[in-house]
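Each remark here refers to the structure printed beneath this line.
What follows is calculated from the coordinates using simple rules that are stated; it is not laboratory data. Please read these numbers as outputs of a predicted model, since none were measured by experiment. Cβ: placed from backbone, ideal geometry, glycine included. Neighbour counts: every protein chain shown.
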Amino acid sequence: MNRPYYFLVTFLILLIILLSKSIFFSENNYSKRNDLIKDNTIQEKKNIELNKENEILQFEIMNAQNSNDHVENFAREKLNLTYPEEDFVSFKEDKEKNDEKK
């Protein structure tokens, strides 16, 4: 065979070795790729949970905009607001009794 053929084969083998080195041992190797895939799946799960929470919040906002009863219920339960002639009664839960039930 002739000399250019050997030169070409040698050049291609060296090129393959250099490219494989960059694939397996550089900054963008397979282990980093696998780590990024794991991080991506974790982030996708978080995004799904946040989307569910957003849907719940959107429902509550729409319900609050369309209903005065919802606003009154929110004020009574969350803010402990009452009418002037009403008395507010709250019950304190004992942690010991809750622990015994479990």
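Quick notes on this structure:
- In the range 1-43, the residues that are surrounded by 10 or more Cβ atoms within 10 Å (Cβ to Cβ) and acidic (Asp, Glu): Asp35, Asp39
- Pairs with Cβ under 8 Å, 6+ apart, first in the range 18-35 and without any contact (Cβ under 8 Å) to a residue 60 or more places away in the chain, second outside any helix (DSSP H, G or I) and not hydroxyl-bearing (Ser, Thr, Tyr): Ser22/Asn28; Ile23/Asn29
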